[in-house]
Structure formats: C-alpha cells, structure tokens
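Okay, so here's the structure we're looking at.
The values are calculated or read from the model by the stated rules, or taken from the named source; none is laboratory data. Keep in mind it's a predicted model, so treat the numbers as computed, not measured. Here Cβ is always computed from backbone atoms with ideal geometry, including for glycine, and neighbour counts include all displayed protein chains. The accessibility values were calculated without ligands, DNA or RNA, using every heavy atom of the protein model including side chains. Shrake-Rupley method; radii C 1.70, N 1.55, O 1.52, S 1.80 Å.
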Amino acid sequence: MDKTFRIKRFAPEKDNASRWEDFSVELGPHERLLDGLVRIKEFTDGSLTFRRSCAHGMCGSCAMKINGRSRLACQTLADDMPELVIFEPLPAFPVIKDLVVDMEPFFEKIRSVMPYLVNDEPLPGRERPQSPEEMEKILDSIRCILCACCTSSCPVYWGDKQYLGPAALVKAARFVLDSRDRGGKARLDLVSGAHGAARCHSIYNCVEACPRDIDVTRHIAILKRQTLKRGLRGAR
Amino acid sequence: MVHRFDTLVIGSGLAGLSAAIEASLQGTVAVIAKLYPTRCHSSAAQGGIAAALGNEEPDSIEWHVYDTVKGGDYLTDQDAAGTLCEDAIKTVIRLEHLGVPFSRTPQGKIAQRRFGGHTRDFGAAPARRACYSADRTGLAIVNTLYEQCAKQPVAFFPEYHVLDLVIEDGRCLGAVALELRTGEICAFEAGATIIATGGYGRVFKTTSNAMASTGDLLGILYSKGMPLEDMEFFQFHPTGLLGLGILVTEGARGEGGVLVNGNGETFMEKYAPRIKDLAPRDMVSRAIITEIKEGRGIGGNDYVYLDLRNVPRKTLETRLPEIMTFSRIYMGVDPSEKPIPVAPTAHYAMGGIPTDRDGRVLITESGAAVEGLFAAGECACVSVHGANRLGCNSLLDTVVFGRRAGMKAAAQKDKSGPGMPPGAMERARETVSSLLNNKGGVRAGAIKKELQELMMDKCSVFRDDAGLRAAAEKIETIRQKAGNISIDDKGEKFNTELLDAIETIHLVNLGEAIVHSALQRTESRGAHCRQDYPERDDGNWLKHTFIRKKDGEIHFSFKPVSITKFKPEKRQY
C-alpha cells in the first residue's frame with residue numbers, strides 16, 4: 001500500500017531551521033515503518049538520517065515521534081497507520097540531524113541513579129537465592145531497553161531538564177525492588193531530591209508511550225512511597 | 001584528536017563489555033562502538049546461556065563438552081570446548097552475583113531448560129542446561145554488564161565507527177575511527193586492542209541479525225591480507241518469523257513446541273528420532289528445507305509451522321513472553337491459538353578471526369599471533385563451535401572468552417604502546433574523502449540487495465559446486481560495481497550514508513570469503529552442506545580452513561583440529 005512519509009528534516013550544515021519533506025513509499029502487508037525509512041535512504045535520498053539496528057524492538061535505536069507519539073519505527077506496522085505518517089525526532093532532546101537526537105542527557109540520568117546491584121555481603125559459592133515471587137517484582141522493570149520513549153513524552157521532563165525522568169526512575173526501582181540489592185538508602189537519596197521521583201505528576205504519558213508495556217508510573221509511585229517511608233523529603 | 005588508553009575495546013556487546021570490565025581492573029579502558037552500548041545485538045539473544053549447573057536435573061561438564069563437540073560435527077577444537085564448558089559454571093554464577101535477573105526454580109536457584117543438542121549421558125536424552133531470563137536472556141546480561149561498567153573506569157565512545165586498525169611490524173597500535181556526530185577522524189592508541197564486533201548475518205537476505213551486524217573489522221583484516229578461519233560455516237536458525245527472519249528462540253521447542261509441515265504432521269522424528277525437535281540447528285534447518293522442497297511446506301509454500309498450542313498458556317506467558325509479543329505484532333498470530341509461520345534465517349557465524357584460547361589473533365595456522373591484538377565473541381573463531389554452534393553456547397562464548405581476552409590484553413607489558421605512526425589518520429581521511437567524492441552513481445543499497453539475494457540463493461542451507469562457482473563469479477562483478485558507490489550526503493556530521501557504504505564494501509568482501517571457502521570444502525559437515533558431497537569426509541577435511549587474500553589472489557591453508565577425548569563418530573541424534 002502507498003504511504004506518504006512526511007519527515008521533519010534538519011541538516012546541521014545546511015539548514016537554519018527544520019523543514020518538512022514528503023516521500024511516497026510502498027509498503028507490503030508485514031512491513032514496518034522502519035522498512036519504509038530504510039527504503040527511502042537506500043534508494044531515494046541517502047542523506048535521510050535516523051538510527052536503527054535490531055529492527056524488532058529489542059535495541060531501542062529507532063525511537064522517534066510518529067504521528068504525535070514517541071514510539072519505535074520497527075515496532076509500528078504500516079497496516080496500523082493512516083496514509084499520512086508524520087515523523088519527527090524524539091521531543092525534549094537536542095536534535096543533531098533529521099530524526100537523530102542527542103542521547104547523552106538521557107544516559108547521563110541513567111548513570112546517576114546507582115544503576116547497578118549493590119551487595120557487599122560475602123559471596124556464596126553458588127548463586128544467591130531468589131524466589132520466583134521475589135524475582136517477579138523486577139520482572140517488569142528489567143524489560144526496559146532504554147529507548148527513551150517514556151522520558152521524551154513526559155511533560156514534567158519537557159519543563160524541567162534536570163528531572164531524572166521516567167526511564168532513570170524505572171532503572172532505580174529495578175534495583176530497589178531486587179531482593180538481592182543492599183543499595184537501599186543511598187539510592188533512594190539519589191531519587192528523592194527536587195528533581196527526583198516526587199516531581200512525577202502521574203500523567204501516564206510514559207506508560208502510554210512505553211513500547212515494552214512497562215507500568216512506569218507504578219515504579220515511580222513505589223519510589224515515592226519508599227522515600228517517604230524512610231523520611232526522605234521529596235520535591236521542595 | 002588522539003586518545004590513548006591501555007586497552008581499547010571495539011564493540012560494546014557482551015564480549016566487548018566482558019573484556020572491558022576485566023581489563024578495567026588492571027588499567028585504563030576505552031570502549032568504542034558504532035552504536036550506543038545497550039543497542040548491541042547481544043540484547044536480542046533470547047533463549048539462554050549454557051552451563052552444567054545441574055539445578056533441575058543431573059548434569060556434567062563432560063556431557064556439555066561432548067555435546068559441544070558433536071554439535072560442531074567434530075570440527076570443534078576440544079581443548080577450547082573444555083575451557084568453555086569448565087568456565088561455564090563459574091561464569092554464570094558470577095553473572096548472577098553481578099545482578100543478572102535469571103528466572104528461578106521454586107527453590108530459588110537459577111532455572112534451566114532444554115535446548116537443541118544439549119543432552120545427558122552423551123546423547124541419551126535432552127538435558128536442562130540453558131540458564132535463562134524468560135526469553136530475553138541477552139538483554140538481561142547486557143544491561144547488567146553495562147550497569148557494572150558505570151562502576152568501573154571504563155570510558156565509552158558511542159557512535160564511533162572504526163575505519164582502520166593500525167598494524168605495523170606484527171604489532172597492533174590501535175585504531176582510527178570516525179566520530180559520527182562531528183565527522184572528525186580520531187586515533188585511539190592502545191597497548192592492546194580487542195575486537196568484539198559480533199556477527200555479519202547481513203551478508204544474507206533473510207537474517208535474524210541486526211542491521212549493524214556487518215562484520216566491519218573482519219572486512220578490515222581481510223583487506224589487509226590477514227586470514228579468516230572457517231568462513232564456510234554459517235548457521236541458519238530453523239525458526240525465523242516468515243519473511244522477516246526475526247528469531248524465535250529454540251527455547252520455544254525446549255518448552256514443548258513442535259514443527260509441523262503442510263500435511264499437519266510433525267516431521268523431526270524422521271531426521272532425529274531420539275531428540276526430534278531439539279536436534280541441533282543445522283539438522284533442523286535442513287529438515288525444514290527438505291520438507292519444503294518435497295512439497296510439504298504450508299500450502300506448498302516456503303515455510304512450516306512452529307506449533308506452541310500444546311504448551312500451557314502460563315508457560316508461554318512467563319517463559320516466552322517476547323515470542324508471544326513478536327508473533328502478535330509482526331505476524332498477527334497469538335501462539336496459544338495459532339501456529340507461527342517460520343523458515344530458516346541466517347543467524348550465526350561460526351567462522352571469523354582466528355584466535356587462541358586467550359583471544360590472541362593468529363596470523364598463521366601454526367599459531368603466530370599479532371602482538372597487542374585480540375578478538376572475542378562471534379567475530380572470533382577459537383574454535384569452540386566447530387561446524388555448527390549449539391544454542392546457548394554463544395552467550396557463554398562471549399562472556400568466557402571476552403573475559404579471557406580482557407585479562408590477557410590488560411596484562412600486556414608495554415601498556416601504552418609505541419603510538420600511532422604518522423599517516424594513519426591521513427589514510428583514513430583519504431578513504432572517507434574518496435568515498436564522498438566518488439561520482440560512479442551506484443547506490444550502496446542496490447549493491448547490498450544484489451549481494452544478499454545472491455548469498456541466500458547460492459550459499460545458504462544447501463550448496464553445490466555449480467551454484468558456488470556462479471556465486472563466486474557474480475561476487476566479482478558486484479565487487480567491481482562497489483568501487484563506484486556514490487553518496488548523496490556530502491555533510492560531515494552524522495553521515496550514516498557514508499557508514500552504509502563502508503559496511504556494504506565489507507559485506508561484499510565477507511561474501512567473497514564465505515563463497516570461496518564453501519567452494520573449496522568438498523564435503524558436508526555441520527552447517528556446511530554440499531549436495532554434491534553429502535558425506536562428512538574426515539580423511540581429507542577434519543581441519544580448519546584459513547582463507548586470505550594477497551595481491552588479489554585467494555589462498556587457503558589449514559589448521560588441524562584439536563582432538564583430546566572424543567574421537568569423531570557418525571553424528572546421529
């Protein structure tokens with residue numbers, strides 16, 4: 001079927017401001033929007049620039065704003081979209097070129113929440129035990145692929161670039177909820193400041209945007225509760 | 001810009017991250033990769049990582065070694081397989097200690113499931129050896145190792161594309177890379193360089209591999225006249241989603257799924273009477289193609305069904321959730337209600353950069369190494385996988401041999417190395433500018449498409465002399481055309497079209513190495529199946545192939561297989 005791809009473009013060496021360009025693309029029944037972008041790049045305009053790699057929703061490279069929503073181009077089928085498909089770079093991050101944004105501010109937030117298991121107890125000779133019930137508590141958060149669909153669609157983040165944002169908070173919750181972790185208070189301190197969990201207004205844009213169906217807001221709510229319980233002050 | 005580190009790691013998948021963590025204990029480390037670290041293709045690994053933990057039923061290291069050797073159709077180097085399987089247990093335990101969220105048994109141990117070719121009692125019956133985190137084991141381990149790197153002094157340089165490795169007088173001095181964002185050419189000087197760039201499945205039309213899996217560093221070494229080992233052995237995974245090639249884990253069959261042909265019959269019992277659908281991948285892929293060729297595809301078409309309807313819904317939801325999602329999104333199929341249409345998909349390169357068990361890159365079949373150069377993971381050929389890799393042995397390979405390479409690399413005496421020779425960056429600049437200014441008018445996309453279709457048609461699951469000869473000739477014309485690739489994008493910043501062109505040229509070179517290696521091996525072994533030579537021929541071919549190209553001529557030499565305990569036998573399952 002024929003689609004019109006309307007793409008917001010910006011060439012840093014040529015353009016003073018972004019501009020729109022339309023391409024006509026033919027896509028088969030099983031094809032992904034990403035297939036269409038690749039076809040334009042390979043056969044029509046090689047300068048069209050976007051990130052991509054795994055093409056099936058596991059690497060998180062091709063997150064972009066498509067018809068008003070942050071999502072993965074490889075996980076959106078042509079069949080499910082109207083004739084006109086509008087592509088823009090992810091909101092809230094500086095644009096580098098066409099659909100490519102600067103991801104550094106995003107990864108910086110991830111790195112800031114002690115995103116690793118903390119446990120200095122003597123190591124057992126075998127695995128640390130963890131019951132299936134304990135493991136289930138992290139089952140949702142470990143599915144995150146760091147695509148930034150959530151953070152880029154968060155209105156709080158749009159207004160406060162120091163806000164840790166949903167993805168970093170999910171990462172923190174992943175360890176807070178892990179029965180093997182002893183990072184406790186130190187990590188909760190990191191997420192309890194003026195730009196931490198308490199900044200979340202439960203708008204649920206993140207939940208709607210997440211291509212992995214992670215209940216992001218629930219994880220942030222858990223952090224809010226735990227910081228309160230420990231007497232750590234939230235925002236302000 | 002010139003950077004200087006004790007150890008340089010190229011690639012940020014599981015092998016690269018494992019190497020980096022290990023090397024960071026002994027010095028400074030840089031990781032450069034063309035993607036952001038967690039975007040690597042290791043994240044797409046689904047089913048598990050093999051280790052004879054014996055958590056669910058009795059298991060032994062020896063059985064694991066035997067299965068790995070037999071799975072590799074006796075081309076596996078048995079000393080290396082021994083290292084792999086012995087290190088497996090402590091490796092998996094260490095991953096757990098680092099935080100990997102493994103699925104658990106009711107007793108709280110790491111859960112284990114069945115996987116193709118993994119057996120107990122030397123082939124008697126399938127064994128539960130695959131440690132898993134649902135069907136996203138790769139993602140779980142990648143995230144954990146990336147998280148660990150945040151604690152270590154590991155410097156990441158994401159979105160840097162390596163243009164050249166600098167090797168002078170038998171010593172690697174580092175690499176020259178393009179910083180994608182600025183277009184700047186940078187030098188990375190290092191005492192030791194570790195190549196960990198993964199596979200090159202994109203040489204084929206239908207593949208489970210990421211678009212970034214283009215084997216760039218193998219291409220660079222091959223064009224320098226250095227050898228590649230066992231390039232004829234490329235594994236096709238039996239179950240790729242129809243048309244897309246997206247992987248459906250063997251774990252689906254480990255949990256009880258079966259393959260069904262167009263007559264509604266299961267068929268694997270004809271090909272592997274003992275372990276049926278859990279036979280090694282090369283055999284299952286051949287079985288599927290045979291069913292299709294004999295007219296028993298679904299509706300006479302080029303695919304069969306993977307039927308999971310006999311697997312309890314709860315099992316599907318807890319142990320195969322990603323497969324459920326992929327099937328729904330891409331095929332519109334709910335596997336608990338309808339079978340999934342599947343066909344073989346190019347999946348894993350057994351061949352690659354020849355290394356020893358410490359990751360040292362070899363330049364001769366007799367074991368001479370390049371000083372300061374290491375390789376690990378899918379890009380390397382140790383060879384632990386021989387002619388056909390078993391499922392779950394690849395994640396294991398990346399972590400075991402990535403670590404070993406990291407350890408050896410960081411122990412180099414001359415840590416900083418002699419520095420980059422003048423001219424190294426200039427050469428890379430010239431390569432880039434000649435590509436940018438080429439007015440030949442050929443599109444890289446057109447070259448890639450022609451190559452991928454050719455490789456799929458003539459050099460995939462079944463091969464023969466006539467087809468391979470035709471392919472070799474055609475690749476020569478494709479190569480000549482590739483000299484005329486033009487680029488629309490003349491900008492310096494984030495020029496991904498330039499990278500596409502470079503990757504395409506590497507793919508053409510690797511296609512050539514695969515086809516010529518396949519042509520010269522006149523036997524069938526593991527994933528290399530010659531219809532004109534259907535039998536394994538140990539008398540002539542129990543040896544590894546080294547291919548190299550010097551002054552436009554292709555040369556072969558051979559390396560004996562390490563056989564310690566298991567004498568080659570007929571391979572039956």
Out of B:Thr76, B:Thr119, report the one residue that is more than 22 Å from the chain's Cα centre (by Cα) and in contact (Cβ under 8 Å) with a residue 60 or more places away in the chain.
B:Thr119
Failed item, numbered, when B:Phe188 is tested on (1) touching a helix residue (DSSP H, G or I) at 6+ places or on another chain (Cβ under 8 Å); (2) buried (at least 24 other Cβ atoms within 10 Å of the Cβ):
(1)
Residues being crowded, with 23+ Cβ neighbours inside 10 Å and under 23 Å from B:Lys338 (Cβ atoms): count how many of those fall in region B:265-284.
4
Identify all residues within region A:123-146 that are in a loop (DSSP other than H, G, I, E, B), open to solvent by 10 Å² or more (accessible area, probe 1.4 Å) and under 22 Å from A:Val216 (Cβ atoms); write none if there are none.
A:Lys137, A:Leu139, A:Asp140, A:Cys144
Region B:447-480, residues that are aliphatic (A, V, I, L, M), open to solvent by 20 Å² or more (accessible area, probe 1.4 Å) and touching a strand residue (DSSP E or B) at 6+ places or on another chain (Cβ under 9 Å):
B:Met456
Tell me, which strands (runs of 3 or more DSSP E) lie completely within region B:57-174 with 2 or more residues that are of a type in the set (S, T, N, Q) and within 14 Å of another protein chain (Cβ to nearest Cβ)?
none
Of the residues in region A:180-197, those that are open to solvent by less than 40 Å² (accessible area, probe 1.4 Å) and not charged (D, E, K, R) come to A:Gly183, A:Gly184, A:Leu188, A:Val191, A:Ser192, A:Gly193, A:Gly196, A:Ala197
Given the options B:His544, B:His506, name the one that is out of contact with any helix residue (DSSP H, G or I) (no Cβ under 6 Å at 6 or more places or on another chain) and either assigned to a helix (DSSP H, G or I) or open to solvent by less than 10 Å² (accessible area, probe 1.4 Å) (or both).
B:His544
Looking at B:Gly526, B:Gly511, which one is under 27 Å from B:Ala279 (Cβ atoms) and buried (at least 20 other Cβ atoms within 10 Å of the Cβ)?
B:Gly526
Tell me, which residue of region B:205-220 that is open to solvent by 10 Å² or more (accessible area, probe 1.4 Å) and away from every other protein chain (no Cβ under 11 Å) is nearest to B:Lys550 (Cα to Cα)?
B:Asp216
For A:Ala221, the lone unmet condition from (1) within 17 Å of A:Pro115 (Cα to Cα); (2) free of Cβ contacts under 8 Å to residues at least 24 places away in the same chain is (1)
Failed item in (1) within 30 Å of B:Gln152 (Cα to Cα); (2) assigned to a strand (DSSP E or B); (3) open to solvent by 50 Å² or more (accessible area, probe 1.4 Å), with A:Lys8 passing the rest:
(1)
Residue check for B:Leu25: part of a loop (DSSP other than H, G, I, E, B), open to solvent by 10 Å² or more (accessible area, probe 1.4 Å) and within 17 Å of A:Cys59 (Cα to Cα):
no
Yes or no: region B:421-439 includes at least one residue that is surrounded by 15 or more Cβ atoms within 10 Å (Cβ to Cβ), within 14 Å of another protein chain (Cβ to nearest Cβ) and not in a helix (DSSP H, G or I).
yes
Please indicate, with yes or no, whether at least one residue in region B:229-244 is in contact with a strand residue (DSSP E or B) (Cβ under 7 Å, 6 or more places away or on another chain), within 14 Å of chain A (Cβ to nearest Cβ) and assigned to a loop (DSSP other than H, G, I, E, B).
yes
Given the structure, is B:Leu17 surrounded by 24 or more Cβ atoms within 10 Å (Cβ to Cβ), part of a helix (DSSP H, G or I) and within 13 Å of chain A (Cβ to nearest Cβ)?
yes
What are the pairs, 6+ residues apart or on separate chains, where a residue within region A:129-140 that is free of Cβ contacts under 8 Å to residues at least 24 places away in the same chain has its Cβ under 7 Å from a residue that is in a helix (DSSP H, G or I)?
none
Which listed residue is touching a Gly at 6+ places or on another chain (Cβ under 6 Å), among the basic types (Lys, Arg) and farther than 17 Å from A:Pro29 by Cβ, from B:Arg319, B:Arg309, B:Arg296:
B:Arg296
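Against the definition (under 20 Å from B:Gly215 (Cβ atoms) and either among the polar types (S, T, N, Q) or touching a residue at least 24 places away in the same chain (Cβ under 8 Å) (or both)), how does B:Val508 come out, yes or no?
Criteria met by B:Val508.
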Please pick out the residue among A:Arg51, A:Arg39 that is assigned by TED's automatic domain parsing to the domain that holds A:Ile7 and over 17 Å from the mean Cα position of the chain (by Cα).
A:Arg39
Scanning region B:302-345 for residues that are away from chain A (no Cβ under 14 Å) and within 30 Å of B:Ala376 (Cβ to Cβ) gives B:Pro344
When you check B:Asn261 against the structure, is it surrounded by fewer than 24 Cβ atoms within 10 Å (Cβ to Cβ), under 16 Å from B:Arg114 (Cβ atoms) and touching a residue at least 40 places away in the same chain (Cβ under 8 Å), yes or no?
no
List the strands (runs of 3 or more DSSP E) that sit entirely inside region B:333-418 and contain at least 1 residues that are of a type in the set (Lys, Arg).
B:360-362
Selection count where residues are under 24 Å from B:His528 (Cβ atoms) and not in a loop (DSSP other than H, G, I, E, B), scope region B:286-315
9
Is it the case that some residue within region B:473-495 is assigned to a helix (DSSP H, G or I), within 14 Å of chain A (Cβ to nearest Cβ), touching a Ser or Thr at 6+ places or on another chain (Cβ under 6 Å) and of a type outside the set (Phe, Trp, Tyr)?
no
Do we have any residue at all in region B:264-274 that's more than 30 Å from B:Val370 (Cβ to Cβ), at pLDDT 95 or above and of a type in the set (Ser, Thr, Tyr)?
yes
Would region A:174-181 turn up any residue that is touching a Phe, Trp or Tyr at 6+ places or on another chain (Cβ under 6 Å), of a type in the set (Asp, Glu) and more than 30 Å from A:Leu48 (Cα to Cα)?
yes
Looking only at region B:547-560, how many residues end up being aliphatic (A, V, I, L, M) and either open to solvent by 40 Å² or more (accessible area, probe 1.4 Å) or touching a Cys at 6+ places or on another chain (Cβ under 8 Å) (or both)?
1
